[in-house]
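First the structure, in the form of structure tokens, and then the observations on it.
The values are calculated or read from the model by the stated rules, or taken from the named source; none is laboratory data. These numbers come from a predicted model, not from an experiment. All Cβ positions, glycine included, derive from the backbone under ideal geometry; neighbour counts span all protein chains shown.
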Amino acid sequence: MATLGINPGLPLISILIPTYNRAVYLRAALESALSQTYPNLEVVVLDDASTDATPEVVQEFQQRDKRLLYVRNHANRGLVANWRQGIEIARGDFFCFLGDDDTLEPEFVEVLMRPLQEDASLVLAFCDHWVMDAQGQRLPDTTDVNTRRWRRAGLVEGRVSDFLRVALIDRAIFIGAVLFRRSTVEPSFLADEARALVDLWLLYRCAQRGGAYYVPQRLASCRWQLGGVSRSWNWRVYGFEGEMFCYEHFLRDPQLAPYHPIFESRMAYALVTYGNTLLTLGKHQEARAQLRRALRLRPLLRGWIGLGLTFLGPVGIALSRWGRTVRGCLLRNRYIPNYPEELWRHPKPATSIPSSEALTTPTLS
């Protein structure tokens, strides 16, 4: 791989920052990327046609650090295409994705690169991360809860014994806390159909190529914001569509057969939520189709209620919206499982997923 001439004998690291209209937070992300203790790196800002002060912020940093590369799209290409473009541009031996409102600890690259250098069979190394509020203040208690809920508390440092379970079942790998080996990750791993779940699909494809290494240190920070894009209605629909793509492929993968009951439960739960969301948006026919798909997988009460409401026209829409409001109030401050199968208490499969060496590359339809 090419080097930037800082330390030509050292591997080059690419820190990719996809961004869209986040100039107010981008400054902190850039500061953290350029403050790494490991110096031989390039920081690539992938601007998806922002209309705010993003170009000015980047130019300010470029004037004082030549390791910063700015790529600006003339038109908005969307999340997946922008990420894929980043991998295509990356010149590093290793690369990571940094959210435009997230940050990295100074030792992030140095610590995660070490196991990748020592073991060529690893495709990625990942770590735990902090949760911070909109102002950038760390939330220790929330962080601890987050670590437990995403099942990282039970992981020990070292090579992950069951990469696919940790990635797809436990969903323990936060994409903003991962360092990838560039030679094993292809741009095609980012499928457009995966939409908002492109990170999950990327991990699935990576598991076909090698292993993963976990570091329990919190070497990144993820910003939690109320009312962010991930909570908008359009983004939820975008996310559900990606979720369906992933689950449909997982359920066709014979290597994942021990976990098919879990994927079916999650797919049913997601389809019910997807269908009720479409109904809330006034899309009766689409909602009915998704709810029927859900009920073929699991006879969920919310699914039957939602299906009935699709036949009531405007009254059904109003009742659906009212129901979402009431449900939100009732569930506020109550524990909601990250893993829907917990609602049905599916036993943990006794069979482990085969090692990555035994897996075959999936065929996309």
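Laid out as a table, the results:
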quantity	calculated
Elements of type helices (runs of 4 or more DSSP H) contained in segment 9-118, each with 1 or more residues being out of contact with any Pro (no Cβ under 8 Å at 6 or more places or on another chain) and within 21 Å of residue 174 (Cα to Cα)	23-34, 79-89, 108-118
Residues of segment 226-256 satisfying the condition of being at pLDDT 95 or above, farther than 23 Å from residue 281 by Cβ and surrounded by 15 or more Cβ atoms within 10 Å (Cβ to Cβ)	249, 250, 251, 253, 256
Residues (farther than 20 Å from residue 92 by Cα and among the hydrophobic types (A, V, I, L, M, F, W, C)) located in segment 181-218	191, 194, 196, 197, 198, 200, 201, 207, 215
Of all residues making up segment 174-185, the number that are under 19 Å from residue 11 (Cβ atoms) and within 17 Å of the chain's Cα centre (by Cα)	4
Residue that is in the same structural domain as residue 177 (by TED's automatic domain parsing), buried (at least 19 other Cβ atoms within 10 Å of the Cβ) and touching a strand residue (DSSP E or B) at 6+ places or on another chain (Cβ under 6 Å), where the choices are 48, 100, 93	100
Candidate set from segment 271-291 (those that are surrounded by 21 or more Cβ atoms within 10 Å (Cβ to Cβ) and of a type in the set (A, V, I, L, M)); member that is nearest to residue 248 (Cα to Cα)	271
Only one of 217, 208 that is part of a strand (DSSP E or B) and either farther than 20 Å from residue 109 by Cβ or among the polar types (S, T, N, Q) (or both)	217
Residue in segment 295-306 that is under 26 Å from the mean Cα position of the chain (by Cα) and assigned to a helix (DSSP H, G or I) present	yes
Selected residue (only one of 239, 282, 308 is outside the structural domain of residue 131 (by TED's automatic domain parsing), small (Gly, Ala, Ser), over 30 Å from residue 134 (Cβ atoms) and in contact (Cβ under 8 Å) with a residue 12 or more places away in the chain)	282
Residue identified as over 11 Å from residue 203 (Cβ atoms) and either surrounded by fewer than 21 Cβ atoms within 10 Å (Cβ to Cβ) or not assigned by TED's automatic domain parsing to the domain that holds residue 211 (or both) among 138, 152	138
The lone exception for residue 121 - which of (1) at pLDDT below 95; (2) over 26 Å from residue 196 (Cβ atoms) it fails	(1)
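Conditions tested, residue by residue: (1) touching a Ser or Thr at 6+ places or on another chain (Cβ under 9 Å); (2) not basic (Lys, Arg).
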site: 215; (1), (2): no, yes
site: 253; (1), (2): yes, yes
site: 257; (1), (2): yes, yes
site: 263; (1), (2): no, yes
site: 266; (1), (2): no, no
site: 293; (1), (2): no, no
site: 299; (1), (2): no, yes
site: 307; (1), (2): no, yes
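Results for (1) small (Gly, Ala, Ser); (2) farther than 30 Å from residue 325 by Cα; (3) in the same structural domain as residue 322 (by TED's automatic domain parsing), shown as yes or no for each residue.
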site	(1), (2), (3)
209	no, yes, no
216	no, yes, no
245	no, no, yes
252	no, yes, yes
275	yes, no, yes
